[in-house]
Each structure stands twice: as structure tokens, then as C-alpha cells.
1. Could you check Gln89 against (1) in contact (Cβ under 8 Å) with a residue 60 or more places away in the chain; (2) assigned to a strand (DSSP E or B) and say which number it fails?
2. Looking for whichever is of a type in the set (D, E, K, R), closer than 22 Å to Tyr102 by Cβ and either open to solvent by 50 Å² or more (accessible area, probe 1.4 Å) or without any contact (Cβ under 8 Å) to a residue 60 or more places away in the chain (or both) here; the options are Glu21, Glu37, Glu13. Which one fits?
3. Tell me, yes or no, whether the range 50-62 has at least one residue that is more than 18 Å from Lys5 (Cβ to Cβ), in contact (Cβ under 8 Å) with a residue 12 or more places away in the chain and within 16 Å of the chain's Cα centre (by Cα).
4. Which pairs turn up if I take residues in the range 117-145 that are free of Cβ contacts under 8 Å to residues at least 60 places away in the same chain and loosely packed, with under 10 Cβ neighbours inside 10 Å and look for partners that are in a loop (DSSP other than H, G, I, E, B) and acidic (Asp, Glu) with beta carbon separation below 6 Å, at least 6 apart in sequence or on another chain?
5. Does Leu69 count as within 28 Å of Gly130 (Cα to Cα), hydrophobic (A, V, I, L, M, F, W, C) and open to solvent by 20 Å² or more (accessible area, probe 1.4 Å)?
6. Regarding the range 107-116, can at least one residue be identified that is surrounded by fewer than 11 Cβ atoms within 10 Å (Cβ to Cβ), out of contact with any Ser or Thr (no Cβ under 9 Å at 6 or more places or on another chain), modelled with pLDDT of 95 or more and assigned to a loop (DSSP other than H, G, I, E, B)?
7. Which of the residues belonging to the range 78-124 are touching a helix residue (DSSP H, G or I) at 6+ places or on another chain (Cβ under 7 Å) and closer than 21 Å to Arg64 by Cβ?
8. Output yes when any residue across the range 77-87 is open to solvent by less than 30 Å² (accessible area, probe 1.4 Å) and over 12 Å from the mean Cα position of the chain (by Cα), and no when none is.
Amino acid sequence: MECKKATTREDIEFCKDAILEFLRNLNPATAVDQVFEMITNEGYELVFIPNADNTRAGAFIGYRILNLLRTGPSIYIDDLFTFADSRNQGFAGMLLDYVESYAAAEGLKSIHLDSGFILHTAHRLYHNKGYNLACHHFSKPLNQV
């Protein structure tokens with residue numbers, strides 16, 4: 001198992017099934033272009049671990065550096081997903097470790113992520129990796145004109 005950073009459209013295509021399984025709101029026809037645009041222009045990083053037969057990503061993490069007044073420069077993890085057939089193999093933990101090593105090498109002081117309330121298995125992993133439940137995240141949908 002090795003973490004690989006996606007840098008090309010082909011890498012993103014390799015991750016496409018996992019991205020679309022996790023983020024069902026994305027348009028399958030434009031998802032690769034959207035992620036490539038985020039990597040190219042928005043500082044988004046996509047790292048993945050291939051599944052056992054190396055036919056697609058078994059898991060992926062997406063993150064970016066944010067500089068907020070509250071935290072200073074830090075990493076925000078946008079996305080973390082593992083396919084059911086790749087779970088319990090340490091993929092998510094390896095991806096979190098990858099991001100932590102990257103953050104430390106960049107001199108960043110913290111990593112942040114949001115997680116759904118019912119994702120208890122994920123929460124256990126986050127606690128085991130040293131993450132604290134620091135706040136509730138609120139959002140408000142805006143009416144589209």
C-alpha cells in the first residue's frame with residue numbers, strides 16, 4: 001500500500017469511481033475536469049491508495065492549506081473516503097498520516113476536518129489519530145436565483 005498524489009487527469013480518472021461514490025452531487029461527465037481545476041487553480045490536493053487489484057482508488061483524501069485568522073496556516077481536509085471493499089485495511093489511517101507528515105514538513109500547526117454526526121467508525125479513527133472534537137460546523141443553504 002502506497003499513498004499516491006494525483007497530478008494528472010489520468011490519476012483523477014483512476015479515483016473517479018471513489019469520488020463519485022462519496023460525492024454523489026457531482027456530475028460524472030465533468031467531475032474529472034472539476035477536480036483537475038481545483039488542483040490546478042485552488043490548491044486542492046488529492047491523494048489516493050489503489051485497491052488490492054490496482055484497478056481504481058480504494059480510498060482517497062482531498063485537502064488544502066487554508067490561512068485563517070483563528071488558526072493561521074493549517075490543513076483542511078475536504079474529503080476522506082474508503083470503498084467498503086477496502087475498509088479495515090488501514091487506508092484511511094495511512095491517508096491521515098500522509099496529510100499529517102505533509103503538514104509537519106510545511107511547518108503547519110493544525111489539521112481540521114468536518115465529519116457527519118453518524119459516522120462513528122470514522123470518529124473513532126480520528127480520536128485514535130489525535131483529533132479532538134473542537135466545534136460544530138453550521139451551514140445554511142442559499143436559495144438559488
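The values are calculated or read from the model by the stated rules, or taken from the named source; none is laboratory data. A quick note: this is a predicted structure, and the numbers were derived from the prediction, not measured. We place every Cβ from the backbone using ideal geometry, glycine too, and count neighbours over all the protein chains shown. Each accessible area value is taken on the protein alone, full model and side chains, heavy atoms only, with ligands, DNA and RNA left out. Shrake-Rupley method; radii C 1.70, N 1.55, O 1.52, S 1.80 Å.
1. The one condition Gln89 does not meet is (2).
2. Values: Glu21 fails: closer than 22 Å to Tyr102 by Cβ; Glu13 fails: closer than 22 Å to Tyr102 by Cβ.
So the residue among Glu21, Glu37, Glu13 that is of a type in the set (D, E, K, R), closer than 22 Å to Tyr102 by Cβ and either open to solvent by 50 Å² or more (accessible area, probe 1.4 Å) or without any contact (Cβ under 8 Å) to a residue 60 or more places away in the chain (or both) is Glu37.
3. Residues of the range 50-62 more than 18 Å from Lys5 (Cβ to Cβ): 52-53, 55.
Among the residues that remain, those that are also in contact (Cβ under 8 Å) with a residue 12 or more places away in the chain are: 52.
Remaining after also requiring within 16 Å of the chain's Cα centre (by Cα): none.
Scanning the range 50-62 turns up no residue that is more than 18 Å from Lys5 (Cβ to Cβ), in contact (Cβ under 8 Å) with a residue 12 or more places away in the chain and within 16 Å of the chain's Cα centre (by Cα).
4. His137/Asp114
5. Values: within 28 Å of Gly130 (Cα to Cα): yes; hydrophobic (A, V, I, L, M, F, W, C): yes; open to solvent by 20 Å² or more (accessible area, probe 1.4 Å): yes.
Answer is yes for this residue.
6. Step one: list which residues in the range 107-116 are surrounded by fewer than 11 Cβ atoms within 10 Å (Cβ to Cβ), which gives 107, 116.
Now narrow it down to the ones that are out of contact with any Ser or Thr (no Cβ under 9 Å at 6 or more places or on another chain): 107, 116.
With modelled with pLDDT of 95 or more added as a condition, the list becomes 107.
Adding the requirement that they be assigned to a loop (DSSP other than H, G, I, E, B) leaves 107.
Within the range 107-116 (the criterion being surrounded by fewer than 11 Cβ atoms within 10 Å (Cβ to Cβ), out of contact with any Ser or Thr (no Cβ under 9 Å at 6 or more places or on another chain), modelled with pLDDT of 95 or more and assigned to a loop (DSSP other than H, G, I, E, B)), the answer is yes, since at least one residue qualifies.
7. Asp79, Leu80, Phe81, Thr82, Ala92, Gly93, Ile111, Ser115
8. Looking through the range 77-87, at least one residue is open to solvent by less than 30 Å² (accessible area, probe 1.4 Å) and over 12 Å from the mean Cα position of the chain (by Cα).
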